[in-house]
Structures are given as C-alpha cells and as structure tokens.
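Reviewing the structure listed below.
Only the coordinates and a few stated rules stand behind these numbers; no lab work does. If you're wondering where the values come from, they're calculated on a predicted model, not measured in any experiment. In this analysis, Cβ positions are derived from the backbone assuming ideal geometry, glycine residues included, and neighbour counts consider all displayed protein chains.
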Amino acid sequence: MKNKRIVLMRHGESQWNQLNKFTGWKDISLSGKGKQEAQYAAEALKKNKFIFDIAYTSVLKRAIHTLWIILKKLDYAWIPVYKSWKLNERNYGSLEGLNKDEVVSMYGYKQVQLWRRSFLGLPPKNNDSNIIDLRNDKKYKHLKKKNIPSSENLKMTYNRVIHFWKSNILPQIKNNKNIIIVAHGNSLRALIKYLSNIDDIEIEKLDISTGSPIIYEFSHDIKPLRYYYL
C-alpha cells in the first residue's frame, strides 16, 4: 500500500520578503518573483501528477494568491478552499514593517535570531494603534479580542496551528482526501515541528523556502513518516 501524501507550501515571495522586511500579519501582496515561484510550483506538482480534493490556506493574500495560481494551473479551481487565521504567519509585533538588517543593528544579531528562530522568543509587542487596526480588520472581526495577538512566539503559533490541524485537516486525511496547504514560514515550521517531533532547540535550524512544495508522507494508519522538497 502506498504511503499517504499531502503537500505543504510556503507562499511565493511577497513584496516585503523582497525588501527584507518582517511581515507577520501585515497583508502584503506577492512580488513578481513570488507569482513566478507559484507557477513553477504548480508545474512541478502537475509534472508529478498530484491531485487534490481540498485546499487550506491562511486569510493573508500572499498565501491565498499563491494557492489560486497553483489551483488554476492544475485545473483544480473548483475544489473546496478553507481559509483560517490559525494558519497565518506568526505575529511579529512591533517588528512588522521593519527591515531585518536594521533590526539587527538596533538589537543585535543574537537577539533577532531568538525572535526569528527560537520556540519561546517573543518579539516586542505591537502598539495600541496597530492592535486596534487588527481588531477593525474585516478578516478578524469575528474573533474575540484575546485571540488577536499583539505579538507571537513560535509556541503561540504552534498552539493555534496544531489545534486547526487536529480539528480540521487531520479528519480529512483520515477520510482519504488529497490535501494541499499553502501557508507561511512559521505556521509550517510549527506544523512540521509537531508532525516530525522536532525538539525546541532543533526547530531553530528549520527554515522554509518560499514557493517550494514540501511533500509530507504518512503511513497507511496516518502516522507521520518523513518530509522532503519536491
């Protein structure tokens, strides 16, 4: 019996990735390169004859538009697409919009790496006006105020991603559905940490490339086995 496979993918390069800025929950569009990355990913999936029944993504346009490009290329625009804020990138707090090199100059490389890569490092919190902007954003009006973070570490991101995985995605895998998830660097780091049982220290080494499909294999009884780039 063949192993069960799902596809995980970080969105294509965004305009702020291109400018080396912290993005987080800021809703930034794909760059030209990002759109091209999505096309290349779609071509690779088509070449390898992947089929999909259901798609999942965040509520941020860089992930949504990446998914659109892929589904259009594969002629799967008709399948159900489920969007959730729980698959969003981590909220980088007051770092959002700042150039990463400038932040290193301000705080030092070691501190910035803790914020970016560690499991528990919590970036400085958003100011009140930014939090109010998020609370007034149409995408989040259905959420309780306590669920809109002012900043997140990877652990906080992990908790919401894994809750969504267990309650929404895993049942569909058990139902033998073919699934693609297009999300973000840290929401996918969180998911892979959980599936591959990566410890809190080793997770610091995991980085996810933009626009590159990751194949995650499961045994016939849905035990996580391994993952690799297509």
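Quick look at the values:
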quantity: Value of Rg/Rh across segment 4-229 [Cα atoms, Kirkwood radius]; calculated: 0.95
quantity: Cα-based Rg of segment 1-83 normalised by 2.2 N^0.38 Å, two decimals; calculated: 1.13
quantity: Measure of compaction for segment 54-147 (Cα Rg per 2.2 N^0.38 Å); calculated: 1.35
quantity: Most mobile of I28, I208, I132 in a GNM of the chain (Cα contacts under 10 Å); calculated: I132
quantity: Residue order, fewest to most beta carbons within 10 Å, for K33, K146, K72; calculated: K146, K72, K33
quantity: Dipole axis of segment 4-229 (+1 Lys, Arg; -1 Asp, Glu on Cβ), positive-most option in H142, I203, S219; calculated: H142
quantity: Net length gained if the chain between N176 and D75 were fully extended (0.36 nm per residue, minus Cα distance); calculated: 34.3 nm
quantity: Within straight-line cross-link reach of K155, aspartates and glutamates at Cα separation under 17 Å, skipping those fewer than 8 residues along the same chain; calculated: E89, D199, D200, E202, E204, D207
quantity: Angle in degrees between helix 185-196 and the longest Cα principal axis of the chain, rounded to the nearest 10; calculated: 50 degrees
quantity: Of S94, S58, S105, the one that fluctuates the most in a GNM where the chain has Cα springs shorter than 10 Å; calculated: S105
